[in-house]
1. Quick check on K59: is it open to solvent by 70 Å² or more (accessible area, probe 1.4 Å) and over 19 Å from F129 (Cβ atoms)?
2. Scan (1) in contact (Cβ under 8 Å) with a residue 24 or more places away in the chain; (2) open to solvent by less than 80 Å² (accessible area, probe 1.4 Å); (3) in a loop (DSSP other than H, G, I, E, B); (4) under 27 Å from F15 (Cα atoms) for the single condition A122 breaks and write down its number.
3. Mind listing just one residue for me: the one in segment 126-144 that is without any contact (Cβ under 8 Å) to a residue 12 or more places away in the chain and among the hydrophobic types (A, V, I, L, M, F, W, C) and, of those, surrounded by the fewest Cβ atoms within 10 Å (Cβ to Cβ)?
4. Please enumerate the residues belonging to segment 62-81 that are crowded, with 16+ Cβ neighbours inside 10 Å and assigned to a loop (DSSP other than H, G, I, E, B).
5. Is it the case, given these coordinates, that F114 is within 27 Å of K21 (Cα to Cα), open to solvent by less than 60 Å² (accessible area, probe 1.4 Å) and touching a residue at least 60 places away in the same chain (Cβ under 8 Å)?
6. In segment 82-109, which residue that is basic (K, R) and in a helix (DSSP H, G or I) is least open to solvent (accessible area, probe 1.4 Å)?
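The values are calculated or read from the model by the stated rules, or taken from the named source; none is laboratory data. On a predicted model such as this, the values are computed, not experimentally measured, just so you know. As a convention, Cβ positions derive from the backbone with ideal geometry for all residues, glycine included, and neighbour counts pool all protein chains shown. To get the accessible areas, we keep the full protein, side chains included, count just its heavy atoms, and leave off ligands, DNA and RNA. Shrake-Rupley method; radii C 1.70, N 1.55, O 1.52, S 1.80 Å.
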Amino acid sequence: MSTTGASYVGKSMSFDEYGGKSIKFDIWDTAGQEKYRALTKIFYKDASIAILVYDITRKESFDELKSYWHNQIKDYAPKNTIVAIAANKSDLFEKEQVPETEARAFAKNIGAIFRLTSAYTAAGIEDLFRAIGSKYLDPNFVDEEKKPMAKKTKNTVTLNKDKVVNKNNIEKKKRC
């Protein structure tokens, strides 16, 4: 079902990791069609969060996200607006026209949260809103997808050519 003009839905979520704080998301879905674009600027004015959605099966929707929608957010939304990119229709990955790596690189370049989603199956939607809410509640939030791999130090064993050294630096004879 496509949007004509704009539609609204509210969604409340509780974030236990932030002391049970709740966020009520007022979600305005603005139509992407060119004939409705004059309406969209009014929605940016007081936005705290902007979710830019593209269809993974249509390269032109991603190109438009980069060249038009992202610029609209930069030009008309408050400077501290949290931006997220939703790669929609992940359930149709076999018809993908936009490489996920390209979309992730763009999201990283603009400091946006990125998630694969499917409006049809609801895959990734909850995770998208959890990441956005966490960023909203904690400006120092680092998206799990952007964190570098943590070095594992617990329960590690270092193998050397002639000996084995465990985590307490106790040398043992090498055995198979």
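1. When the stated conditions are applied, K59 does not pass them.
2. Against the list (1) in contact (Cβ under 8 Å) with a residue 24 or more places away in the chain; (2) open to solvent by less than 80 Å² (accessible area, probe 1.4 Å); (3) in a loop (DSSP other than H, G, I, E, B); (4) under 27 Å from F15 (Cα atoms), A122 comes up short only on (1).
3. Taking the candidates together, the pick is V142.
4. Correct list: A77 only.
5. The answer is no for F114.
6. Out of the qualifying residues, it is R104.
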